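Following: one structure in structure tokens, then a few remarks.
The values are calculated or read from the model by the stated rules, or taken from the named source; none is laboratory data. The model shown is predicted, which means the values in this text are computed figures rather than measured ones. Methodologically, a virtual Cβ is constructed for each residue, glycine included, from the backbone with ideal geometry; neighbour enumeration extends over all protein chains shown.
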Amino acid sequence: MGGAYAGHLDVYVHPDGQAIEVAELAVSPDHRLHHLESVMMDALYAAYPTAWVNHGGRGPDETLWWDSYSEPAPERNPHNRPPAEWAHYFDPIVVASQKARNAYRNRYQGVDGHRAAVYRYGEPMEAEARQHAHLFHEPEPQGPNPNIDDLYGGVRLFLPPRLHRIVHDSSRDATQRAELVLDHLGYGNLPHHSAWNITERGAFEDLVHEQIFDTESRQPVTHLIFRILLQPDGHVPPHDVKATWVRFIDSPGIEVGLAGMSWRSPQRPEITHTANFDPPFDAAIAPEHPADASFQYRARYSEFGDLLPGQMPRRAGSTAPYAGREAEIQAWADRLRQGTAQRANDRPNSVSGQTASADYQVHHRQPSQQQTPRTR
């Protein structure tokens, strides 16, 4: 609120979207008179209108807030229903312990805590919880496939003031501004610590979360997102996969195609600048430890991710036409030489190894007849 951190709500969401568990609900002391806890919780219920919502165990502050909160859909709170209805989403033994903790807090702080709505409030539930515990199975994350999916990862940048003004100047071409940022960062300096999301929105949210807990007040700041594609060679670097993101482990410098960039100021998140690269630029995720950089990375980038002398920015798929075709070209040259020698041997009065006669030699154009070489 007003550019300052006011509060946050962290939740876990089941892959099918039908179960939510609150991990943390917090509001800063300066904003507790604005009822932000209730606003955020109401928004959660509205965002998942048919899902179970488990609030978990509550501490002292949360106990007082909960007693004054009017829950929008108490019938979707697993604390208010028998475990047979929700045990395949939440561990019944864990929920029973949460209920016992909340009941204790209510008594200790002298509040009601909506006890009339709670299923078997204050009663022992160990036996019933064990009876249904076998129904709960933690879902396996079906995360992104790095070889197929576009991935989005971000970094918070503190650019020099002049470059910051240029990068956020909407009147300038977005692609040119993105290339200025790449020249400043280095094409081999894409963040190794990022969780690479399956959506741009998820990547921006990670940066916002990082911004919230940054106690330093450095300005100006830019939230920058990279959209990447792994090189289509079938090799997937070691990675940790979750439902909506992957993180590359001990990165040795991973070659990627940089397909686009998006950036915004946290003070004006409604203005997002976007540049798409088609074909993508060749780039690389920086090594986590410079000493572990791969040979391919060291051949193109410096320790700081800058292009080495002689290396130029290049587009994926637009390399020099003869790169990587040395053996094929050598075979062509051998066949041409063999063909030339064979034709020379087949001509009358020719001797093997002797220079071809004058009428067999190539007639060069006069200088005035020569064509102007074309730029490649």
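See the values below:
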quantity	calculated
Filter result for Ala47 (surrounded by fewer than 16 Cβ atoms within 10 Å (Cβ to Cβ), of a type in the set (A, V, I, L, M, F, W, C) and touching a helix residue (DSSP H, G or I) at 6+ places or on another chain (Cβ under 7 Å))	no
Qualifying residue in the range 204-220 (condition: at pLDDT 90 or above and within 17 Å of Phe277 (Cα to Cα))	no
Condition check for Glu71: touching a strand residue (DSSP E or B) at 6+ places or on another chain (Cβ under 7 Å), among the acidic types (Asp, Glu) and at pLDDT 90 or above	no
Considering residues of the range 14-37 that are under 19 Å from Pro72 (Cβ atoms) and surrounded by fewer than 16 Cβ atoms within 10 Å (Cβ to Cβ) only, the residue modelled with the lowest pLDDT	His34
The one condition in (1) touching a residue at least 24 places away in the same chain (Cβ under 8 Å); (2) out of contact with any Asp or Glu (no Cβ under 8 Å at 6 or more places or on another chain); (3) part of a helix (DSSP H, G or I) that Glu71 fails to fulfil	(3)
Residue match in the range 225-242 (condition: in contact with a Gly (Cβ under 7 Å, 6 or more places away or on another chain), modelled with pLDDT under 90 and closer than 16 Å to Gly154 by Cα)	no
Residues (at pLDDT below 90 and among the polar types (S, T, N, Q)) located in the range 244-275	Thr244, Ser251, Gln267
